[in-house]
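Novice: Submitted below is the structure of interest, expressed as structure tokens.
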Amino acid sequence: DTLPTWWKQAVFYQVYPRSFKDTNGDGIGDINGIIEKLDYLKTLGIDAIWINPHYDSPNVDNGYDISDYRNIMKEYGTMEDFDRLIAEMKKRNMRLMIDVVINHTSDQHPWFIQSKSSKDSPYRNYYFWRDDKDGQAPNNYPSFFGGSAWQKDDKTGQYYLHYFSRQQPDLNWDNPKVRQELYDMLRFWLDKGVSGLRFDTVATYSKIPGFPDLPQQRVAHFAEEYTKGPNIHRYVNEMNREVLSHYDVATAGEIFGVPLEQSINFVDRRRNELNIAFTFDLLRIDRYVDERWRRKDWNLAQFRQTIDKVDHTAGEYGWNAFFLDNHDYPRALSHFGDDRPQWREASAKALATLILTQRATPFIYQGSELGMTNYPFKKMDDFEDIEVKGFWHDYVETGKVTADEFLQNVRQTSRDNNRTPFQWDAGKNAGFTVGTPWFKINPNYTAINAASQVNDPNSVFNYYRQLIKTRHDIPTLTYGTYMDLDPENESVYAYTRTLGTEKYLVIINFKEKTIRYSLPKNLSIDNVIIESNNQHTARKNDTMIVLKPWHAGIYKVN
Ligand code: ISL
Ligand code: CA
């Protein structure tokens, strides 16, 4: 889609507030910490920030269980802090995208407390309550975090539905009152000056009428099954009509579970639903559909072909986000690069080049700009996340797999990898807090931290800064068509971005060896835009480039 909009041109940065910067010594990141670091992000060139849920929450799932949609999480600060964040961002010409978690609430939300109090409560049908089936759960739905998606409540003897943890009951979107309450809540934040909304698990709002059992062979595919509610697009379209279309707001959907070809339906602009699609085929390239904690091998051909497919689905009328990790995935560098000390910086720069040259809005996860890595988890006690604990319960405690096998996998796949505190400097607690950090700090913070990189022209940080500037300067990198030059190549990932008569070539060496790469017929170098190792060896009219291990570069070509 080449229709110009600010959110296609913006470079987004994801802040996980809990782990970004603590300013009051309680060991938990806070809104004042984000404000304190706005200038750091401005220096990097960031236009917009997506923050994970900032609402009041008992934090069973780190804020994805909201108990009050109109208040700030106590640990993060106050509404005054939030308003100041928006004001300080405005001053710097930056925009804020908030997380919208409306598939479910916390079980501590007043609606749910009312709802479970009696079958006659006016809030009863704000959620899904069903009778047991022969003393068992109403159907065979599993939950994302382990066990059944139904929880029995003793007060009335009925079960309520929860796709995620039992402390996250699913809202009943079929009830128009629920939808109106949620729309009002969105207006509340938009009226404050929020300019972006990221819709958590948006594809699961509509439920399948009657809750029939999943056929046995589809139980492992429950994530996809949960996106088959018949009214999903009717609801998102209604939300657009009633709320979103009245604001200058960028709307992104976490389109999880939906087959790629259908994801476009959420962001095809002719349908008036959302703007930006987050899809997960790329990040899950080395995962199984069942046993989601287990990793399998991947190769560059699969990787680039997946990117190609994702690019294609956006088509002429849709738009994607491009990201290599977020708070639900391991560190991009450890996942797709090489986090061993000798290749860490080079591969971090290679991945940066990829993120910032796609036909999609780039989302940089906090710490990527420093080359932060996975945490060296050893034992189950090292983990915090409800998901990994649920998996442990379902697979290890039941004896299906050994603790060793499980740990070997989750130390690479766990969401906790991306949730350790930000590494600001080499001092105590990496400069994250003067208190006791809520979660372990990666011991490599003495080598990998912001303080040592901001003034080093060759740092990962400064390479990101230059890349972001390059993306801002060259609209072809945002809007140009994408073409993979050699989809089967297992070493060199090369593609062009073309708009009108302008053509740019992006080359990334995914191998830790030097490769002489010949440009495809008809292409020759016009000039070097940026190279990750600053060598600028390529000259005008060259048709061959010597690529050092993990070398990456952008070239104007003829
Ligand atoms: O995290 C996942 C894989 O490791 C996904 O299964 C994830 O649960 C799914 O993408 C939905 O994610 C979103 O909603 C969850 C929350 O835990 C995630 O952090 C959030 O991104 C429930 O609100
Ligand atoms: Ca704090």
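Novice: Does any residue of region 493-505 turn out to be polar (S, T, N, Q), free of Cβ contacts under 8 Å to residues at least 12 places away in the same chain and open to solvent by 10 Å² or more (accessible area, probe 1.4 Å)?
Specialist: So in region 493-505, the residues polar (S, T, N, Q) come out as 496, 498, 501.
Okay, now just the ones that are also free of Cβ contacts under 8 Å to residues at least 12 places away in the same chain, so 501.
Next, only the ones that are open to solvent by 10 Å² or more (accessible area, probe 1.4 Å) stay: 501.
Yes, the conditions are met somewhere in region 493-505.
Novice: Same structure again: Out of the residues in region 403-424 that are of a type outside the set (Phe, Trp, Tyr) and assigned to a loop (DSSP other than H, G, I, E, B), which is farthest from LYS21 (Cα to Cα)?
Specialist: Here is the first cut: in region 403-424, the ones of a type outside the set (Phe, Trp, Tyr) are 403-405, 407-421, 423.
With assigned to a loop (DSSP other than H, G, I, E, B) added as a condition, the list becomes 414, 419-421, 423.
Values: SER414: 22, ARG419: 12, THR420: 11, PRO421: 8, GLN423: 9 Å.
Only one residue tops the list, namely SER414.
Novice: Also, I was wondering about something else. Is it true that GLN168 is open to solvent by less than 20 Å² (accessible area, probe 1.4 Å) and either under 22 Å from ASN59 (Cα atoms) or not charged (D, E, K, R) (or both)? Steps first, please.
Specialist: Values: open to solvent by less than 20 Å² (accessible area, probe 1.4 Å): yes; either under 22 Å from ASN59 (Cα atoms) or not charged (D, E, K, R) (or both): yes.
Here the answer is yes, as GLN168 does meet what is asked.
Novice: Please enumerate the residues belonging to region 80-101 that are within 16 Å of ligand 2 (Cβ to nearest atom) and either over 24 Å from the mean Cα position of the chain (by Cα) or open to solvent by 10 Å² or more (accessible area, probe 1.4 Å) (or both).
Specialist: GLU80, ASP81, ARG84, listed by residue number.
Novice: For region 290-331, which positions are among the basic types (Lys, Arg) and within 15 Å of PHE278 (Cα to Cα)? Walk me through it before giving the result.
Specialist: Taking region 290-331 as the starting set, the residues that turn out to be among the basic types (Lys, Arg) are 292, 294-296, 304, 309, 331.
Scanning region 290-331 gives a single hit, LYS309.
Novice: Here is a check on your reading of the model: is TYR64 part of a loop (DSSP other than H, G, I, E, B) and in contact (Cβ under 8 Å) with a residue 24 or more places away in the chain?
Specialist: Spelling it out, TYR64 is indeed part of a loop (DSSP other than H, G, I, E, B) and in contact (Cβ under 8 Å) with a residue 24 or more places away in the chain.
Novice: Hey, among LYS378, LYS309, which residue is open to solvent by 20 Å² or more (accessible area, probe 1.4 Å), away from ligand 2 (no atom under 16 Å from the Cβ) and in contact with a helix residue (DSSP H, G or I) (Cβ under 7 Å, 6 or more places away or on another chain)? Even if it seems obvious, please write down each step before you answer.
Specialist: On the way: LYS378 fails: in contact with a helix residue (DSSP H, G or I) (Cβ under 7 Å, 6 or more places away or on another chain).
The match here is LYS309.
Novice: Check VAL178, VAL219 and return the single one that is assigned to a helix (DSSP H, G or I), open to solvent by less than 60 Å² (accessible area, probe 1.4 Å), touching a Pro at 6+ places or on another chain (Cβ under 9 Å) and hydrophobic (A, V, I, L, M, F, W, C).
Specialist: On the way: VAL178 fails: touching a Pro at 6+ places or on another chain (Cβ under 9 Å).
Exactly one of VAL178, VAL219 is assigned to a helix (DSSP H, G or I), open to solvent by less than 60 Å² (accessible area, probe 1.4 Å), touching a Pro at 6+ places or on another chain (Cβ under 9 Å) and hydrophobic (A, V, I, L, M, F, W, C), namely VAL219.
Novice: Which residue pairs have Cβ atoms under 7 Å apart, sit 6 or more places apart or on different chains, and have a first residue in region 285-311 that is outside any helix (DSSP H, G or I) and a second that is of a type in the set (Asp, Glu) and open to solvent by 50 Å² or more (accessible area, probe 1.4 Å)?
Specialist: Cβ pairs passing all conditions: ASP286/ASP297; ASN299/GLU490.
Novice: So, one more: Go through THR251, THR227 for me and flag whichever is under 30 Å from LEU300 (Cα atoms), of a type in the set (Ser, Thr, Tyr) and free of Cβ contacts under 8 Å to residues at least 60 places away in the same chain. Working first, answer last.
Specialist: Values: THR251 fails: under 30 Å from LEU300 (Cα atoms).
Sole residue among the options that is under 30 Å from LEU300 (Cα atoms), of a type in the set (Ser, Thr, Tyr) and free of Cβ contacts under 8 Å to residues at least 60 places away in the same chain: THR227.
Novice: Looking at this structure, is PRO209 over 15 Å from ILE98 (Cβ atoms), in contact with an Asp or Glu (Cβ under 9 Å, 6 or more places away or on another chain), surrounded by fewer than 19 Cβ atoms within 10 Å (Cβ to Cβ) and of a type outside the set (Asp, Glu)?
Specialist: Details: over 15 Å from ILE98 (Cβ atoms): yes; in contact with an Asp or Glu (Cβ under 9 Å, 6 or more places away or on another chain): yes; surrounded by fewer than 19 Cβ atoms within 10 Å (Cβ to Cβ): yes; of a type outside the set (Asp, Glu): yes.
Against the criterion (over 15 Å from ILE98 (Cβ atoms), in contact with an Asp or Glu (Cβ under 9 Å, 6 or more places away or on another chain), surrounded by fewer than 19 Cβ atoms within 10 Å (Cβ to Cβ) and of a type outside the set (Asp, Glu)), PRO209 qualifies.
Conditions (1) free of Cβ contacts under 8 Å to residues at least 24 places away in the same chain; (2) of a type in the set (Gly, Ala, Ser); (3) open to solvent by less than 20 Å² (accessible area, probe 1.4 Å); (4) within 16 Å of ligand 2 (Cβ to nearest atom), marked per residue:
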position: LYS119; (1), (2), (3), (4): no, no, no, no
position: ASP134; (1), (2), (3), (4): yes, no, no, no
position: GLY147; (1), (2), (3), (4): no, yes, no, no
position: ASP174; (1), (2), (3), (4): no, no, no, no
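Novice: Which one is nearest to ligand 2 (Cβ to nearest atom) among residues in region 1-41 that are open to solvent by 10 Å² or more (accessible area, probe 1.4 Å), among the charged types (D, E, K, R) and not in a loop (DSSP other than H, G, I, E, B)?
Specialist: Top of the filtered list is ARG18.
Novice: Tally up the residues in region 161-200 that are in contact with a Ser or Thr (Cβ under 8 Å, 6 or more places away or on another chain) and either away from ligand 1 (no atom under 16 Å from the Cβ) or at pLDDT below 95 (or both), please.
Specialist: So the answer is 1.
The values are calculated or read from the model by the stated rules, or taken from the named source; none is laboratory data. As the structure is a computational prediction, the values presented were derived from the model and not from experiment. In this analysis, Cβ positions are derived from the backbone assuming ideal geometry, glycine residues included, and neighbour counts consider all displayed protein chains. What goes into the accessible areas is simple: the full protein's heavy atoms, side chains included, and nothing from ligands, DNA or RNA. Shrake-Rupley method; radii C 1.70, N 1.55, O 1.52, S 1.80 Å.
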